[in-house]
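Below is one structure, written out as structure tokens; the observations come after it.
The values are calculated or read from the model by the stated rules, or taken from the named source; none is laboratory data. Quantities reported herein were computed from a predicted structural model and do not represent experimental measurements. Note that we place each Cβ from the backbone using ideal geometry, even for glycine, and neighbour counts take in every protein chain shown.
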Amino acid sequence: MGQRITVSERENSFQELLQRNHPRWKGIARCYANHGDREDLVQEIMMQVWRSLDGFAHRSSIDTWAYRVALNTALAWDRTSRRRASGLNTNSIDVSHIAGDVGDDSIEMRVLDEFLASLSKTDRSVMLLFLDNVPNDEAAEITGLTEGALRVRLHRIRKVFEESYCDGKETDDV
């Protein structure tokens, strides 16, 4: 259990975490929530990090700990949203024409979104950490995998991407 901190220390810690990690939390939300729910998921992540600050035990960096809280929150969000959506055929709903449904709609981002959605939850987490340039030792700690298992998963994910999207051409920059 973490040590008790003052409200002022907690607010300062949270503000620093927010400044450093908000883009990562938005990236996690992009992978685990549909377009209309992404901001809600980011808010939920922020609330969970805030609520959990007192429990931070200093066994890792605070950013690694916050990433794990964010990822666990997103995974829980994904489970509950799948339950809510059961019975709906979301594949037949096209909202791309709705005004205000904007964002990075480049072909690269659409391919990345499609690819990430096709991955298992663990592989999606591994890929997100890779895309966020999180060092392998931190990524292993966040996911609970060994560094070797993490590298193997990244290699396999890369091969799947190459086979699915690169017409058999190898990509040297991935």
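Numerical summary
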quantity: Matching residues, region 128-169, being within 19 Å of the chain's Cα centre (by Cα), farther than 16 Å from ALA70 by Cα and of a type in the set (Phe, Trp, Tyr); calculated: PHE161
quantity: Close pairs from region 52-81: first at pLDDT 90 or above, partner not in a helix (DSSP H, G or I), Cβ under 6 Å, at least 6 apart; calculated: TRP65/PHE56
quantity: Selected residue (criterion: nearest to VAL134 (Cα to Cα)) from residues of region 24-76 that are of a type in the set (Lys, Arg) and surrounded by fewer than 14 Cβ atoms within 10 Å (Cβ to Cβ); calculated: ARG59
quantity: Which numbered condition LEU116 fails, given (1) modelled with pLDDT of 85 or more; (2) not assigned by TED's automatic domain parsing to the domain that holds LEU129; calculated: (2)
quantity: Pair list, Cβ < 8 Å and 6+ apart or interchain, from region 30-42 residues that are touching a residue at least 40 places away in the same chain (Cβ under 8 Å) to residues that are loosely packed, with under 14 Cβ neighbours inside 10 Å and of a type in the set (S, T, N, Q); calculated: ASN34/THR90
